[in-house]
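Report on one structure; see the data block that follows.
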Amino acid sequence: MRLAGIKTPEQGNRFVREVFIPKFNAQFSVIPAKRGNVHRRLTKIEKESLEQIFSRQEVRYVNNDFTVRYKKQWFQLLEKQPVLVRKKEKILVEERISGEIFLSLRGKYLNYIPLPERPKKIIEAKTPALATKSSWKPPADHPWRRFILNPERKQARSSV
């Protein structure tokens, strides 16, 4: 438009209508194979899935604690699911036009609850029973003490 010397919106609109669109159509238009309307009616299944078709869809991963993050929101997957959900698995997050969020895996919608904030990490403390070292030693006649790798040691033992 600058090269055509256009300075006002009215001149720009006239230029688009009279010069640009006819030139563009001459260059890129294609003659249709059939005349008339070639659109087809939607099937019942297509009509029912229009919200899913027009949803924003993104892939997310299941965290180790079975949570999913999407747009600064956290979602906790419930224990009962229609399919087996594993850690680090890719799931599809659908945000519908109405604002509803659906999580799906292998064509099935997952059960979840939204969390108010990021879940806290739980650090497991060692139990006292596992932290202490056992003081038990096998007795002299225990089978573990019968096998000796060094034969010289065996002779020294038998002579004592």
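Being out of contact with any Cys (no Cβ under 7 Å at 6 or more places or on another chain) and at pLDDT 95 or above is not true of Leu78. Does Val85 satisfy the condition of being of a type in the set (Val, Ile, Thr), in a strand (DSSP E or B) and either touching a Cys at 6+ places or on another chain (Cβ under 6 Å) or in contact (Cβ under 8 Å) with a residue 12 or more places away in the chain (or both)? When the stated conditions are applied, Val85 does not pass them. Screening the range 54-75 for residues that are among the polar types (S, T, N, Q) and part of a strand (DSSP E or B) and picking the one that is modelled with the highest pLDDT gives Gln57.
For residues in the range 101-147 being among the polar types (S, T, N, Q) and farther than 25 Å from Ser55 by Cα, which is modelled with the lowest pLDDT? Per the stated criteria, the residue is Thr127. Only a single criterion out of (1) over 15 Å from Pro119 (Cβ atoms); (2) not in a helix (DSSP H, G or I) is not satisfied by Glu51, namely (2). Exactly one residue out of Ile53, Ile97 is touching a Phe, Trp or Tyr at 6+ places or on another chain (Cβ under 8 Å) and exposed (fewer than 13 other Cβ atoms within 10 Å of the Cβ): that is Ile97. Count of the range 84-94 residues, restricted to those that are among the charged types (D, E, K, R), surrounded by 10 or more Cβ atoms within 10 Å (Cβ to Cβ) and over 8 Å from the mean Cα position of the chain (by Cα), is 2. Against the list (1) exposed (fewer than 10 other Cβ atoms within 10 Å of the Cβ); (2) part of a strand (DSSP E or B); (3) not hydroxyl-bearing (Ser, Thr, Tyr), the condition Arg41 fails is (2).
Pairs linking a residue in the range 2-24 that is free of Cβ contacts under 8 Å to residues at least 12 places away in the same chain to a residue that is part of a helix (DSSP H, G or I) and surrounded by 12 or more Cβ atoms within 10 Å (Cβ to Cβ), with Cβ atoms under 9 Å and 6 or more positions apart or on different chains, are Gly5/Gln11; Ile6/Gly12; Ile6/Arg14; Ile6/Phe15.
The values are calculated or read from the model by the stated rules, or taken from the named source; none is laboratory data. Please read these numbers as outputs of a predicted model, since none were measured by experiment. Glycine gets a Cβ as well: all are built from the backbone with ideal geometry, and neighbour counts include every protein chain shown.
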